[in-house]
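So the structure is just underneath, and the comments pick up after that.
The values are calculated or read from the model by the stated rules, or taken from the named source; none is laboratory data. Remember, it's a predicted structure, so these values are computed and weren't measured experimentally. Glycine gets a Cβ as well: all are built from the backbone with ideal geometry, and neighbour counts include every protein chain shown. SASA here: full protein model, heavy atoms, side chains in, ligands and nucleic acids out. Shrake-Rupley method; radii C 1.70, N 1.55, O 1.52, S 1.80 Å.
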Amino acid sequence: HGGGYYSQQDVREIVAHAAKRHVTIIPEIEFPGHAMALLTAYPEIGTTGKIPEVRSNITPDLIGTHPKAIAFLKDVLDETMAMFPGKWIHFGGDEAPKGQWKKDPATQKRIDELGLRVSPEDPKHPNASEDALQAWMFNELAAHIAKKGRSAVGWEEIMHGDNINKLAKGSVIMPWLS
């Protein structure tokens, strides 16, 4: 969307300016989709390990769920929390097509290792196991920020994969589809 970036100092100044006006800025960290810039800079964090082809903001390229990717996201969240003192961190998570996860043997193995395989898969919900994996990812990272007194916010996709009953305590759901 035009490129550019804010330095950490820029962010701190903007957050302080907003706070003086009684405004809390809630950052949004995107995963597993909407992450083309991240996957271009750090392809090893992705599902394929390859630099994505530049497209629109909605691409089939997803952040992986392997330990290196989860550790990377936790580091990003730690840096984000250091700059944004508010209670909430928005996780994004919408519009993440599951084709890469569905075709990737390592991701499918991860689904099985985590006990997230939905079997038999409902033909009306062909990505049920992958939706459960995205829900696991949300909950894993929500637990990480909860240890630091923060709460996760996510688009309604955080309820998918039967996650409504497993959501991290204090999570905020933002409907946009229903």
Inset, instruction - Could you tell me what percent of the accessible area of the chain is made up of carbon and sulfur, with a 1.4 Å probe and every protein chain present? - result: 57 percent
Inset, instruction - Calculate the dipole size of the chain relative to its Cα centre from +1 charges on Lys and Arg beta carbons and -1 charges on Asp and Glu beta carbons; express the result in debye to the nearest 20. - result: 460 debye
Inset, instruction - Can you tell me the alpha carbon radius of gyration of the chain divided by the globular rule-of-thumb value 2.2 N^0.38 Å? - result: 1.05
Legend entry - Protection proxy ranking of 135-141, 60-66 - average other beta-carbon atoms within 10 Å, highest first: 60-66, 135-141
Legend entry - Residue-wise HN-Hα coupling along region 36-53, computed from phi with Karplus coefficients 6.51, -1.76, 1.60 (Hz; x: Gly, Pro): 4, 4, 4, 6, 6, 6, 10, x, 5, 7, x, 6, 8, x, 10, 5, x, 6
Inset, instruction - Measure out, as a whole number of angstrom, how far apart the alpha-carbon centroids of region 112-166 and region 19-47 sit. - result: 19 Å
Legend entry - Accessible surface of residue 119 - all protein chains present, 1.4 Å probe, nearest 10 Å²: 100 Å²
Legend entry - Cα-Cα over 31 Å, subset of 103/148; 68/147; 98/147; 103/147: 103/148; 103/147
Legend entry - ³J(HN,Hα) computed for each position of region 87-100 - Karplus, 6.51 cos²θ - 1.76 cosθ + 1.60, integer Hz, glycine/proline x: 5, 9, 10, 7, 9, x, x, 8, 6, 10, x, 9, x, 4
Inset, instruction - With θ set to phi - 60°, apply the Karplus curve 6.51 cos²θ - 1.76 cosθ + 1.60 along region 126-141 and write out the HN-Hα couplings as whole Hz, x wherever there is a Gly or Pro. - result: x, 10, 4, 5, 5, 5, 5, 5, 4, 4, 4, 4, 4, 5, 4, 7
Legend entry - Neighbour-limited loop hits for GluC sites (Glu not before Pro), region 1-101 (at most 16 other Cβ within 10 Å; DSSP other than H, G, I, E, B): 53, 95
Inset, instruction - Starting from one equal scatterer on each C-alpha and no solvent at all, send me the Debye-based log10 I(q)/I(0) for region 1-100 at q = 0.14, 0.23 Å⁻¹, two decimals. - result: -0.59, -1.24
Legend entry - Solvent-accessible area per residue for the chain (1.4 angstrom probe, square angstrom): 56 Å²
Legend entry - Cα pair count fraction exceeding 20 Å, expressed as % - region 75-141: 40 percent
Legend entry - Using alpha-carbon coordinates, inclination of helix 67-83 to the longest axis of the chain, degrees: 20 degrees
Legend entry - Tensor-based shape of region 121-175 (alpha-carbon gyration tensor, a/c under 1.5 rounded, otherwise prolate or oblate): prolate
Inset, instruction - Could you quote the convex hull projected area for region 1-48, Cα atoms only and averaged over all directions, in nm²? - result: 4.4 nm²
Legend entry - Cα Rg, Dmax (largest Cα-Cα span) when computed across region 37-78, Å: 10.2, 29
Legend entry - Accessible area of residue 12 in the full protein assembly, 1.4 Å probe (Å², nearest 10): 90 Å²
Inset, instruction - Could you pull the accessible area for residue 88 with a 1.4 Å probe, rounded to 10 Å²? - result: 100 Å²
